1. Sort the following peptides by mean Cβ neighbour count (other Cβ atoms within 10 Å, averaged over residues), highest first: A:37-47, A:14-24.
2. Counting only other chains, and only Cβ atoms inside 10 Å, what mean value do you get across the residues of A:121-134?
3. Once you have a ≥ b ≥ c as the square roots of the Cα gyration tensor eigenvalues for the protein assembly as shown, tell me rounded if a/c is under 1.5, and otherwise prolate or oblate according to whether a/b is larger than b/c.
4. Could you give the distance between the Cα centres of the range A:83-147 and the range A:4-75, to the whole Å?
5. So what J values fall out for the range B:135-140 if you push phi through Karplus, 6.51 cos²θ - 1.76 cosθ + 1.60 with θ = phi - 60°, rounded to Hz, Gly and Pro as x?
6. Please check the range B:48-83 for residues whose accessible area, probe 1.4 Å, is lower by 40 Å² or more when all protein chains are in place than in their chain alone.
7. Report the net charge of residues surrounding B:Tyr43, where surrounding means a beta-carbon distance below 12 angstrom and charges are Lys +1, Arg +1, Asp -1, Glu -1.
8. Using a 1.4 Å probe and counting only protein heavy atoms, how much accessible surface gets buried when A and B come together, both sides summed, in Å² to the nearest 100?
Amino acid sequence: MTDVIDAISGLDTAQSVALRGHRPDVVSSAQASYEALLPQSLDADPVPGFALPTRLLVAARSARLEHSPAALAHYSERLSAHPEQSALLAFVESGPDRGAGLLASRRERAILRHVELLVARPAATTASDLDALTAAGLTPAEIVVLSQIVAFVSFQVRIAHGLTVLKGTL
Amino acid sequence: MSESRFSTDERAWHAWITPVDPATGTEPQREAIEASIWPNSPYFRLLAWHPASLHARTLVDQAVFLGRPGLRRGERELAATVVSRVNGCVLCTSVHARLSITFTKREDEVRALLEHGIDAELDPRWRAITDAAAALTAIPNAFGPEHVAALQAVGLNAAEVLDIVQSGAFFAWANRLMLSLGEPLPPAADDAQAIADQQANDARAHTSED
């Protein structure tokens, strides 16, 4: 599979080797994290209930809030491969509290609200924010998957941005 | 007496939702907990609800901070400390400030960072590392060619600059989990095992090379 950080940083193979080649274990473990949280199929994932389109919505919305157009395009494109979930693409743009988001289910709005909090103000989270997710029907495993995806995208877009800047110095 | 809520004091962490009990968890959950940095911590036990991502996250952590050669470990820990301080993660800040001091022996500057934040008085090399890590933290696009140039001016090569980026980026991830799934508290009797894991990790650092 294509390395997703190379893809969203716009690195070709030679540039990737030049910039990232000294830390092959970072390259492989970052890709393994992506494949664990956002695989092509959930068949091998033991956590039920958090469907792949929902995971891609969380990743795409996080990328948008992180101001990363390349990561946003990557996750939106993957989300568009689930046409039965076309409503979710609108939520990537709207978030939970305006436009299409106002028509989202209670569960979807709770998820989207948590994404906003975790991207922009993680230190403001309280126990009652997790209570709100539980009240909207999320299990502990789903809360962990949601939190891991937002936090992982925060990591991924920062490495990709750093690489994009470094690419300009090659 | 310090006015800052950030310090090198040990902190326990209490989860807001129930962690996985290793006694009743699945095999992949037990394996992911055992492979984590602090197997007795409720933080890693909570992340074990999704064992595949916990396991991969542990590998990223080790690859970013322990991989050789490259930037000295102490300066990777400095970047982790700066990001944690900016994000407001009291526990991550305390752990990585202790590791920064262990590896760099520059206790006064690390304590100044905890006390005053990123405006603390630092030498040019630590100033460049701190500015780069802080820029990447707020919104990633704030990090630009000027930060790379400042790091190169104090002697870092491109690979070492990427070590700063990767150390800082990893704490964008780690801080978000630790801040949003539970809270730090002064250690109590029930936290003894989890604190012992932190102390063992600190002790390993004392015998490692910078």
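The values are calculated or read from the model by the stated rules, or taken from the named source; none is laboratory data. What you are looking at is a predicted structure, and each value in this text was computed from that prediction instead of being measured. With ideal geometry, Cβ positions are generated from the backbone for all residues, glycine too; neighbour counts draw on all protein chains shown. Keep in mind that these areas ignore ligands, DNA and RNA; they rest on the heavy atoms of the full protein, side chains included. Shrake-Rupley method; radii C 1.70, N 1.55, O 1.52, S 1.80 Å.
1. Working: A:37-47: 14.1, A:14-24: 16.5.
Taking the mean over residues of other Cβ atoms within 10 Å, the ranking is A:14-24, A:37-47.
2. Working: counts 4, 10, 9, 3, 7, 3, 7, 1, 2, 6, 2, 0, 1, 2.
For peptide A:121-134, the averaged partner shielding equals 4.
3. Values: a/c = 1.58, a/b = 1.19, b/c = 1.33.
Cα axes put the protein assembly as shown in the oblate bin.
4. Taking the Cα centre of the range A:4-75 as reference, the centre of the range A:83-147 is 20 Å away.
5. For the range B:135-140, the Karplus-derived couplings read 5, 5, 7, 4, 10, x Hz, x marking Gly and Pro.
6. By number: B:Trp49, B:His50, B:Ser53, B:Ala56, B:Val60, B:Ala63.
7. Once all neighbours under 12 Å are counted, the net charge is 0.
8. Values: alone 8680 and 10240 Å², together 14950 Å².
Roughly 4000 Å² of accessible surface disappears when A and B pair.
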